[in-house]
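Participant: The structure is given below, and queries will be raised subsequently.
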Amino acid sequence: MELKPLVDLHTHTIASGHAYSTLKENIEAAKAMGLTVLGTSEHAKLMPGTAPLIYFTNFKVIPKVVDGVYLINGIEANIFNEKGEIDVDESILPKMDYIIASLHSPCFKDLGMAANTKAVIGAVENPNVTVIGHPDDDRYPIDHDQLAAAAAEHHTALELNNGSLNPLSTRKGARKNIVTLLEACRKYKTMILMGTDSHICYEIGHFEDSMEMLREVDFPEELVINFDLNRLPYVLRTRHALEVAAMSRGEKSGE
Ligand SMILES: [Zn+2]
Ligand SMILES: [Zn+2]
């Protein structure tokens, strides 16, 4: 059977300030790409130019399903210190369907491998964080073995970021880092979430480079969340999201 990604949870809209499509355009692209679930994850407040806090308080206007595409709404938080703290205000935490925590150059300076790893593991241990975004960047060396072990223990997924594999990406060394990341995830049975990190609708659902990496290392498909809607709750943290996920599997919403 050919494996097909059904879910893309790492996407941005114009609300992020450096992305170029609307939610409607992203939904249309998701539909065209055959995705079942689309998640939107705008950057949190320390990213220059991103959406204001109030943006994250009104997700209730977004339908649960549009034209067969089920919609959930999270945030891409910035890890901003060695403790792994993230920039998501308490007031919006309950509304975030999922939280991706990432290292970004405007918010985090390289502290060396030991301290970078400590920071990312600090985020892994935060029960609000459900995914670690693009841990694949030579600008922030991370011990993948320690990270994958901690992520498996704390039920946090690690991202296989398709954007990192784009030659235009600002992240460095993604290909070799993803190989070591996947090997560590295989060793500890750590769950992987593929994300496109789309900053324009034409990237939504395009996982070709990630799929090639999975094939290259013969990665166990059962550790990839995107291939099975039953695995989606692993990265979800709200009742709303769990209801949408159940609907996407053709089950009653439970309301
Ligand atoms: Zn961005
Ligand atoms: Zn990011």
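Participant: Of the conditions (1) away from ligand 1 (no atom under 16 Å from the Cβ); (2) over 24 Å from residue 250 (Cβ atoms); (3) not in a helix (DSSP H, G or I), residue 71 satisfies every one except a single condition; which number is it?
Facilitator: Evaluating residue 71 over (1) away from ligand 1 (no atom under 16 Å from the Cβ); (2) over 24 Å from residue 250 (Cβ atoms); (3) not in a helix (DSSP H, G or I) leaves (2) as the failure.
Participant: Here is a follow-up. Return the residues of the stretch 67-76 that are farther than 11 Å from residue 97 by Cβ and free of Cβ contacts under 8 Å to residues at least 40 places away in the same chain; say none if nothing qualifies.
Facilitator: Listed by number, the list holds a single entry, 68.
Participant: Then there's this: Looking at (1) surrounded by 15 or more Cβ atoms within 10 Å (Cβ to Cβ); (2) outside any strand (DSSP E or B), find the lone condition where residue 41 falls short.
Facilitator: (2) is the only condition that residue 41 fails.
Participant: Okay, next question. I'm checking my understanding of the structure. Among residues of the stretch 155-211 that are acidic (Asp, Glu) and more than 14 Å from ligand 2 (Cβ to nearest atom), which one is surrounded by the fewest Cβ atoms within 10 Å (Cβ to Cβ)? Walk me through it before giving the result.
Facilitator: We begin by selecting, within the stretch 155-211, every residue acidic (Asp, Glu); these are 159, 183, 197, 203, 208-209.
Cutting the leftovers down to more than 14 Å from ligand 2 (Cβ to nearest atom) gives us 183, 208-209.
Details: 183: 14, 208: 11, 209: 20.
The qualifying residue surrounded by the fewest Cβ atoms within 10 Å (Cβ to Cβ) is 208.
Participant: Same structure again: Exactly one condition in (1) surrounded by 24 or more Cβ atoms within 10 Å (Cβ to Cβ); (2) within 23 Å of residue 50 (Cα to Cα) is false for residue 151; which is it?
Facilitator: Exception for residue 151: condition (2).
Participant: So which residues in the stretch 77-103 are within 15 Å of ligand 2 (Cβ to nearest atom) and without any contact (Cβ under 8 Å) to a residue 60 or more places away in the chain, if there are any at all?
Facilitator: Pass one, the stretch 77-103, residues within 15 Å of ligand 2 (Cβ to nearest atom): 77-80, 86-88, 98-103.
Those that are within 15 Å of ligand 2 (Cβ to nearest atom) and without any contact (Cβ under 8 Å) to a residue 60 or more places away in the chain: 77, 78, 79, 80, 86, 87, 88, 101, 102, 103.
Participant: Hey, can you tell me all the residues within the stretch 152-173 that are touching a residue at least 40 places away in the same chain (Cβ under 8 Å) and either within 17 Å of residue 101 (Cβ to Cβ) or out of contact with any strand residue (DSSP E or B) (no Cβ under 7 Å at 6 or more places or on another chain) (or both)?
Facilitator: Step one: of the stretch 152-173, the residues touching a residue at least 40 places away in the same chain (Cβ under 8 Å) are 155, 157, 159-163, 165-166, 170.
Within the stretch 152-173, 155, 157, 159, 160, 161, 163, 165, 166, 170 meet the criteria.
Participant: Which of the residues spanning the stretch 107-136 are touching a residue at least 40 places away in the same chain (Cβ under 8 Å), surrounded by fewer than 24 Cβ atoms within 10 Å (Cβ to Cβ) and within 16 Å of ligand 1 (Cβ to nearest atom)?
Facilitator: 107
Participant: Let me ask something else about it. All but one of (1) in contact with a strand residue (DSSP E or B) (Cβ under 8 Å, 6 or more places away or on another chain); (2) without any contact (Cβ under 8 Å) to a residue 60 or more places away in the chain; (3) farther than 21 Å from residue 241 by Cβ hold for residue 3; which doesn't?
Facilitator: Among (1) in contact with a strand residue (DSSP E or B) (Cβ under 8 Å, 6 or more places away or on another chain); (2) without any contact (Cβ under 8 Å) to a residue 60 or more places away in the chain; (3) farther than 21 Å from residue 241 by Cβ, residue 3 violates only (2).
Participant: Taking interchain pairs and intrachain pairs at least six residues apart, which have beta carbon atoms under 8 angstrom, with the first residue in the stretch 16-45 and on the phi > 0 side of the Ramachandran plot and the second within 16 Å of ligand 1 (Cβ to nearest atom) and of a type outside the set (S, T, N, Q)?
Facilitator: 17/43; 17/47; 17/48; 17/49; 17/51
Participant: Looking at the stretch 49-62, I want the residues that are in contact (Cβ under 8 Å) with a residue 12 or more places away in the chain and have a partner that is exposed (fewer than 13 other Cβ atoms within 10 Å of the Cβ) and assigned to a loop (DSSP other than H, G, I, E, B) with Cβ atoms under 8 Å, at least 6 apart or on another chain. Which pairs are those?
Facilitator: 49/18; 53/89; 53/91; 57/91
Participant: Hey, another quick one. For residue 91, which of the numbered conditions (1) over 15 Å from the mean Cα position of the chain (by Cα); (2) surrounded by 21 or more Cβ atoms within 10 Å (Cβ to Cβ); (3) small (Gly, Ala, Ser); (4) under 30 Å from residue 246 (Cβ atoms) fails to hold?
Facilitator: The failed condition is (2).
Participant: Could you tell me which residue of the stretch 10-34 is nearest to ligand 2 (Cβ to nearest atom), considering only residues that are part of a helix (DSSP H, G or I) and polar (S, T, N, Q)?
Facilitator: Just the residues of the stretch 10-34 that are part of a helix (DSSP H, G or I), to begin with: 14-16, 23-32.
Filter once more, so that each one left must be polar (S, T, N, Q): 16, 26.
Values: 16: 10, 26: 16 Å.
So, considering only residues that are part of a helix (DSSP H, G or I) and polar (S, T, N, Q), the one nearest to ligand 2 (Cβ to nearest atom) is 16.
Rule-based calculations on the coordinates, nothing more; no lab input. In this text the structure is predicted, and so the values were computed from the model without any measurement. Because the Cβ atoms are built from the backbone with ideal geometry, glycine has one as well, and the counts that use them run over all protein chains shown.
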